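Coordinate-derived values only; no laboratory data. Since we're looking at a predicted model, the values are computed, not measured. All Cβ positions, even for glycine, are placed from backbone atoms using ideal geometry, and neighbour counts span all protein chains on display.
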Amino acid sequence: MVIMIRKRKIKALTAVLAMTALITACGNQEYLKDINAGDYVTLGNYMGIEAQAEAPAVDDSMVDLYLEYYILASYTTTEEVTGRAVQEGDVVNIDFVGYHDGEAFDGGTGEGYDLTIGSGQFIDGFEDGLIGANVGDTVSLDLTFPDPYTNNTDLSGEPVVFEVTVNSISEQKQPELTDEFVQSLGIEGCSTEQELRDYLYNYFYESAVQTYDSTIEQSIQDTVMAGCTFKEPPKEMVARIRQSIEDSLTAQAQSLDMTLTEYVQSYYGLDEDGFEEQLDSQALESTQLYIMYQAIADIEGLNPTDEELQEEIDYRVEAYGYESEEDFRESTDVEVLREYLMRQNVVAFLKENADITTIDDTQE
């Protein structure tokens with residue numbers, strides 16, 4: 001089973017950088033190994049940095065809501081019923097014609113339309129007016145359009161009559177959350193309702209822990225960076241990181257069948273010029289960030305060893321299904337991987353030496 005969480009727009013391009021896939025190097029690029037990071041940054045204090053975040057927590061209602069609106073809803077079926085009138089929650093198949101001043105108006109006609117009673121798809125009174133009708137009945141509904149009515153301003157506040165014929169009535173059948181149903185889902189380790197609830201709780205808790213960690217790390221990073229003084233970084237390094245960000249965004253756009261321009265307009269609200277300006281700004285900031293981390297790594301002895309790098313390569317070869325280490329190295333910029341490991345080492349060091357406060361809402 002794939003857990004689906006509501007999509008959220010990314011707020012800053014730096015978040016994309018953190019997830020950027022490792023790409024093959026090309027051209028004359030400059031890496032952290034090629035410079036003395038201390039020549040480009042004067043570090044401020046980075047020990048004992050204060051940071052705080054709310055303790056990871058999961059409300060039990062999150063599990064209940066997910067079960068109802070994602071799992072059970074996904075297995076809900078619709079079955080046609082006979083011998084009774086329309087009720088709240090039914091799906092009715094209808095034909096309808098809307099009249100304004102005795103004339104059918106544009107957009108007011110439909111045939112074979114499936115409408116869930118109570119969904120609020122139609123104007124006030126339409127769905128309620130069908131409750132109690134039987135299959136084959138034609139109901140006349142005297143209604144008034146809301147004012148304003150943006151879909152057709154000519155109808156704003158106007159009285160209309162809908163003639164509606166009920167073709168069929170169906171009801172939605174949601175499965176019961178039984179052990180048998182849980183077993184049919186095929187989730188490893190989940191054969192009872194309680195095991196499924198525990199599985200979902202753990203998933204949400206892990207997500208909450210990730211949010212907690214990210215909040216602490218971001219706070220520490222921002223504080224340390226604010227205390228630094230930077231010189232202009234190498235242009236080639238900025239260009240490399242800029243291209244990495246752009247490539248990642250392009251891949252995300254393609255995964256959604258969108259162009260890069262369409263993607264940044266939809267998710268960031270930026271036109272082409274605004275995006276280029278933002279991309280330049282984020283590339284510079286990200287370059288400075290990595291230079292800062294490298295300077296700390298040099299002082300504190302946190303650069304990854306060749307053994308650590310090889311261990312990470314071995315892990316990725318197996319985890320991502322590469323046929324060989326050679327295939328991995330051909331598709332991956334190993335120097336970028338080394339920089340990633342360096343950053344991880346520094347982040348862990350800063351957290352270990354920070355003054356972290358965890359806010360627990362359950363305690364007064």
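At a glance:
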| read-out | value |
| --- | --- |
| For the chain, built as a Gaussian network whose Cα springs stay under 10 Å, the top-fluctuating residue of Leu185, Leu143, Leu67 | Leu143 |
| Cβ-defined net charge surrounding Ala239, 11 Å radius [Lys, Arg +1; Asp, Glu -1] | -1 |
| Theoretical FRET efficiency, 1/(1+(r/R0)^6), r = Cβ-Cβ of Ser119 and Asp273, R0 41 Å, to 0.05 | 0.45 |
| Cα-centred dipole magnitude for the chain, charges only on beta-carbon of K, R (+1) and D, E (-1), debye, nearest 20 | 820 debye |
| Shape of region 207-269, Cα gyration tensor, a/c cut at 1.5 | oblate |
| GNM result for the chain, Cα springs below 10 Å: residue of Ser331, Ser156, Ser214 fluctuating most strongly | Ser156 |
| Mean separation of Cα contacts under 8 Å, 6 or more apart, over the residue count of the chain: relative contact order % | 28 percent |
| Positive dipole terminus of region 174-264, leading residue within Phe181, Val238, Leu249 (C-beta point charges) | Val238 |
| Net charge of neighbours whose Cβ lies under 12 Å from the Cβ of Gly48, counting Lys and Arg as +1 and Asp and Glu as -1 | -2 |
| Alpha carbon Rg of the chain, scaled by the compact-globule rule 2.2 N^0.38 Å | 1.41 |
| Listed residue (Ser191, Val81, Leu350) projecting farthest to the positive dipole end of the chain, Cβ model | Leu350 |
| C-alpha center-to-center spacing [region 258-325, region 71-134] in angstrom | 51 Å |
| Spacing of the two label points (7 Å from each Cα toward its C-beta) at Glu352 and Asn202, in nm | 2.8 nm |
| Overall form of region 228-364 per C-alpha gyration tensor (a/c, 1.5; a/b vs b/c) | rounded |
| Listed residue (Gly321, Tyr66, Ile299) projecting farthest to the positive dipole end of the chain, Cβ model | Ile299 |
| Unit charges on C-beta of K, R, D, E only; dipole of region 206-359, Debye | 580 debye |
| Additional length obtainable on full extension of the chain from Asp128 to Asp60, 0.36 nm per residue less Cα span | 21.1 nm |
| Neighbour net charge for Pro148 - beta-carbon separation under 13 angstrom, K R +1, D E -1 | -3 |
| Dipole magnitude of region 200-287, debye to nearest 20 (Cβ charges: Lys/Arg +1, Asp/Glu -1, about Cα centre) | 360 debye |
| Computed E for Ser266/Gln243 - FRET, C-beta separation, R0 30 angstrom, nearest 0.05 | 0.85 |
